[in-house]
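Colleague: Have a look at this one before I ask anything.
The values are calculated or read from the model by the stated rules, or taken from the named source; none is laboratory data. Everything numeric in this text was worked out from a predicted model, so none of it was measured. A quick note on method: Cβ atoms are made from the backbone with ideal geometry, for glycine too, and the neighbour counts reach across all protein chains shown. The area values use the complete protein model at the heavy-atom level, side chains included, leaving out ligands, DNA and RNA. Shrake-Rupley method; radii C 1.70, N 1.55, O 1.52, S 1.80 Å.
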Amino acid sequence: RFTFENDGSLTSHLVSLWIINSTNHQRYDTNVIVNSGQTLNYTRADISLPSGQCTVKVVTERGNIAVYSRS
């Protein structure tokens with residue numbers, strides 16, 4: 001489960017989600033709209049986070065990238 005929060009003044013269209021660690025770079029297509037000021041819970045049963053260190057990147061239609069790292 002992922003939680004996306006849009007603090008910006010524009011609606012965001014999330015188009016891809018990357019799960020990255022030292023041995024794996026996996027891209028998942030998404031089609032998620034997060035309105036301005038909205039917090040959205042997003043659940044994907046086909047995505048499992050690797051144990052240990054990893055980075056999650058979310059890419060918008062405009063090319064903006066949000067990054068979350070876990071150590």
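Colleague: Please work out which residue is nearest to S12 (Cα to Cα), limiting yourself to region 49-71 and to residues that are open to solvent by less than 90 Å² (accessible area, probe 1.4 Å) and in a loop (DSSP other than H, G, I, E, B).
Modeller: Here the answer is G63.
Colleague: Collect the residues in region 6-27 that are touching a Phe, Trp or Tyr at 6+ places or on another chain (Cβ under 8 Å) and open to solvent by 40 Å² or more (accessible area, probe 1.4 Å), keeping them in residue-number order.
Modeller: W18, H25, Q26, R27
Colleague: Under 9 Å between Cβ atoms, at least 6 apart or on separate chains: pull out the pairs that start in region 38-54 with a residue that is charged (D, E, K, R) and end on any residue that is modelled with pLDDT of 95 or more.
Modeller: As it stands, the answer is R44/L17; R44/Y28; R44/T30; D46/Y28, since those pairs meet every condition given.
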